[in-house]
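The values are calculated or read from the model by the stated rules, or taken from the named source; none is laboratory data. Bear in mind that the values here come from a model prediction, so they are computed numbers and not experimental data. Heads up, the Cβs are rebuilt from the backbone with ideal geometry, glycines too, and the neighbour counts pull from every protein chain shown. The protein model used for the area step is the full one, side chains on, heavy atoms only, and it has no ligands, DNA or RNA in it. Shrake-Rupley method; radii C 1.70, N 1.55, O 1.52, S 1.80 Å.
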Amino acid sequence: RLFRANEPLGSARPCTLVSQPPLLEALVQAAQRQPNFEWIPGTAVKDLLWQSDRAASQTDNRVTGVHLADDRTITADLVIGADGRASAIRQKAGLTLETEPKSIDVLWFKLPAPPGYAADNRFCTVVKQGRVFSLFHGAEEGKMHLAWAISPDEPTEQKDWATTFAALVPPELVEHFHSAKDSISSPMRLSVLIGRCPRWHRPGLLLLGDAAHPMSPVRAQGINMALRDAIAAANHLIPVFKTANPSTPDPTALDRALAYIQAEREPEIIQAQTLQAHEASRGELLRRFGLLRQGLSTFSPILGPVVKQIWTQQQRPLREGLTTVRLNAD
Ligand SMILES: Cc1cc2nc3c(=O)[nH]c(=O)nc-3n(C[C@H](O)[C@H](O)[C@H](O)COP(=O)(O)OP(=O)(O)OC[C@H]3O[C@@H](n4cnc5c(N)ncnc54)[C@H](O)[C@@H]3O)c2cc1C
């Protein structure tokens, strides 16, 4: 092992692994306490409604709502597209996404957690024999997750994954992978897309989260960034809606707020994506150059503490962002 770093890595609070489904459920429950919130699960947005029949390419044409897959329509002063990296809303709005060249996809596996891990929140990255993968424990009770990086043109193989993993994992986990052989889930392929929209908004519409800037999985910052986008958006939008008279906000003030939201969030997104790319390229160097891996491994007692210090310092701006993001409006 090159190094082991313990949370909170110099931050005020430790990073915690959280399972996504309960997090989303908790967010929906909190939103449902608002009197005008309606949760419509399982019904996708199919198209946008426009002020005039002209095409989306007309930059002054205002978005006035959405058309749902069940043929209902919802009109709105503002549509927020937070529909992820393949955003249909982004495409329908004619907002372009500039993407990085695609370098990896991820195969996701689950298996029973090793004995003795119950109270531990662990994240371990392994670079060995030309492979890079990460092991996580703590996001889902009783389970260990494994994220296996593959090149986009590599097929999703159904093979004896237990033996493959057992040959690569740290020594203390080898026996566990052999004994969990029949309990390792089939791989789920996750497509990685990284990029940014030069423009996150148009009249009556705003993109947030991955819809505006699909994030790399490196160091798990995508959800943080999406939540910080939402807080910044609330800070700018709530005052516009509160001063609306009688209840319809001034379209000019609303569209101005959309530009402020992008201006506030974009520098942090650029920084996070740059740091993620930097970390990914170091992983790629290690993966490709066996001699480098061997050198680091041989001299790990001397090099490990130095690499740990540099790595730990670089985590801070990635985990904590550029600025403090706090909900001001109420
Ligand atoms: C392999 C991989 C692993 C990752 N691991 C992590 C991690 O561990 N931690 C982390 O922080 N980030 C991780 N990320 C990044 C993270 O997934 C995203 O950055 C984050 O989920 C973005 O949140 P979002 O709300 O913008 O989009 P999403 O989480 O993608 O949510 C979009 C939502 O919109 C819904 N939707 C889609 N289309 C429509 C439509 N037409 N109408 C209505 N609804 C629609 C979807 O069902 C979904 O619920 C990972 C990314 C990848 C690719």
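For the range 225-266 versus the range 53-129, the inter-centroid distance based on Cα atoms is 21 Å.
With 19 Å as the cut-off, how large is the P(r) tail for the range 105-191, expressed as percent of Cα-Cα pairs? Don't skip to the answer; put the middle values down first.
Values: 1259 of 3741 pairs.
Here the tail beyond 19 Å accounts for 34 percent of pairs.
Apply 1/(1 + (r/R0)^6) to the Cβ-Cβ distance of L23 and C124, taking R0 = 25 Å, and write down the FRET efficiency to the nearest 0.05. The computed FRET efficiency comes out at 0.65.
Give me the 1.4 Å probe accessible area per residue for the chain, excluding ligands and nucleic acids, in Å².
Details: 18920 Å² over 330 residues.
Counting only protein heavy atoms, the per-residue value for the chain is 57 Å².
Pop the C-beta distance of D153 and A30 into the FRET formula with R0 = 45 Å and round what comes out to the nearest 0.05. The partial results should precede the final answer.
Values: r = 42 Å, r/R0 = 0.93.
The computed FRET efficiency comes out at 0.60.
Once both labels are positioned 7 Å from their Cα atoms along Cα-to-Cβ, the gap between S191 and I238 label points is 3.7 nm. Volume of the convex hull of the chain (Cα atoms only), normalised per residue: 162 Å³.
Rounded to the nearest 500, the 222 nm mean residue ellipticity of the chain from helices alone is -12000 deg cm²/dmol, with -39,500 (n - 2.57) taken per DSSP H run of at least 4 residues. The stretch between R326 and T163, if pulled fully straight at 0.36 nm per residue, gains 54.0 nm over its current Cα-Cα span. Stretching V306 away from T43 to a fully extended chain increases their span by 89.5 nm, per 0.36 nm per residue minus the current alpha-carbon distance. Between S281 and Q51, the C-beta separation translates, for a Förster distance of 56 Å, into a calculated FRET efficiency of about 0.80. Got a number for carbon plus sulfur as a percent of the range 105-191's accessible area, 1.4 Å probe? Result for the range 105-191: 54 percent of the exposed heavy-atom area is carbon or sulfur. Helices that extend 27 Å or more along their long axis by alpha-carbon positions and average at least -0.5 on the Kyte-Doolittle scale are, among the DSSP H runs of the chain, 222-242.
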